[in-house]
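K.L.:
Pasting a structure here, questions to come.
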Amino acid sequence: MASPQSKLIDDLFDSILVTMAENPDMELPEIRALLEKCGDIATDPGGVDYIEEEIAGTTCLWAVPKNCAEDRVLLSFHGGGCVTGSRFSHRKMFAHIAKAFGCRALIPDYGRAPENQAPSQVNEGLAIYDALLQSGIKAEHVATIGDSAGGNLCTAVVLAARDQGKPLPACVMPMSPWYDMEAVGESFTKNADNDRLVKKELSLNMSGMYIGDTPANNPLVNPLYADFTGFPPTYMQVGGYESLLDDALRASESAKKAGVEIKCDVFPEMQHVFQFMAGNAPEANDAIQKLAAWGKPKLGL
């Protein structure tokens, strides 16, 4: 049974949808401001410094826990449909994860759609990854992680790196990944009454803004069409109440068939990116500890 504390995300998502329903002509800047509130339901982990740095032309935010291993990096992509979200909305969640790992997290503020469309975001992420390697960080000391659209990007950037023959990161950790640009997963129907935020119409609206003229079956925008051969070890987390549940399940099955070391945990009764509640809800804290327990040995921590 879900904890009482987990109602935080239910109430947040309900309030977002009510506000949007009351303002059907809401402009994109207002929608972006509204969805920044997703960052409000985490505590500040404390003991973490935040440092802005321009890397490969992108403004990024470092989350640096006190006394952490600075030669290991979590390349952390924020969610929001590639349309909303920022380094600020996701700062506290990724800081909690960085603190659990005992290393730095780097949060790129990549260009959002529709001003920037695919493959812009993947190219930006790949350029940042290249810059990390050029700075002396070893590929085997990097993990990519992301939530929702960031779960897509943390996967697609590694697929692009593999396709270009680049050294690959130690592991990949998508949380509630948003892969399905066509919204055809069965969980859109099965969880229609359970998912409090991600509705089919919303998903399709955001995917349209993100992919533009790119075909919806392009593996770098929709990893459900990817060949995962040679992909790094991967750990996915997803909520049992999510419309995007099938995104994670289908991708993990595809990766498994390709011989990837894959782990996919479904957290019962949890909403989309329930890790947003880091520090406030036991389910979020448990998920982050599971990420760290799995990922630290991959990074040699």
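The values are calculated or read from the model by the stated rules, or taken from the named source; none is laboratory data. Owing to the predicted nature of the structure, the values given are computational and were not obtained by experimental measurement. Reconstructed Cβ throughout: ideal geometry from the backbone, glycine too, with neighbour counts over all protein chains shown. Side chains included, ligands, DNA and RNA excluded: accessible areas come from the protein's heavy atoms. Shrake-Rupley method; radii C 1.70, N 1.55, O 1.52, S 1.80 Å.
K.L.:
Quick one: accessible area per residue over the chain, 1.4 Å probe, rounded to a whole number of Å²?
P.N.:
39 Å²
K.L.:
So, one more: To the nearest 0.05, how large is the calculated FRET efficiency for Leu204 and Tyr50 if R₀ is 30 Å and r is the Cβ-Cβ distance?
P.N.:
After rounding to 0.05, the efficiency reads 0.30.
K.L.:
A follow-up question, please. With the crude spin-label approximation of a point 7 Å out along Cα→Cβ, what separation in nm comes out for Glu261 versus Lys138?
P.N.:
A separation of 1.5 nm, rounded to one decimal place.
K.L.:
Next question. Where the centroid of each part is defined by its Cα atoms, how far is segment 182-217 from segment 100-123 in Å?
P.N.:
Going from one Cα centre to the other spans 20 Å.
K.L.:
If you don't mind, another one. Any chance you could check the Cα centroid distance between segment 151-176 and segment 232-301 for me, in angstrom?
P.N.:
Cα centroid to Cα centroid, the span is 15 Å.
K.L.:
If the only charges are +1 at each Lys and Arg Cβ and -1 at each Asp and Glu Cβ, what is the size of the charge dipole of segment 1-118 around the Cα centre, to the nearest 20 debye?
P.N.:
540 debye
K.L.:
A further question on this structure: With the cut-off at 22 Å, tell me which of the pairs Lys256/Lys290; Lys7/Lys37; Lys7/Lys99; Lys257/Lys290; Lys263/Lys296 have Cα atoms farther apart than that.
P.N.:
Result: Lys7/Lys99; Lys257/Lys290 exceed 22 Å.
K.L.:
Could you work out the relative contact order of segment 36-126, using alpha carbon pairs under 8 angstrom and six or more residues apart, expressed as a whole percent?
P.N.:
Rounded, it is 34 percent for segment 36-126.
K.L.:
I want to check the label-to-label distance for Met26 and Thr214. Put each point 7 Å from Cα in the C-beta direction and report it in nm to one decimal.
P.N.:
For the pair Met26/Thr214, the computed spacing is 2.6 nm.
K.L.:
I've got another one for you. Each residue of segment 145-156 in turn: what ³J(HN,Hα) in whole Hz from Karplus with 6.51, -1.76, 1.60 and θ = phi - 60°, glycine and Pro shown as x?
P.N.:
8, x, 10, 6, 4, x, x, 4, 5, 5, 8, 5
K.L.:
Given a 1.4 Å probe and every protein chain left where it sits, what share in percent of the accessible area of the chain is carbon and sulfur?
P.N.:
Answer for the chain: carbon and sulfur cover 50 percent of the accessible area.
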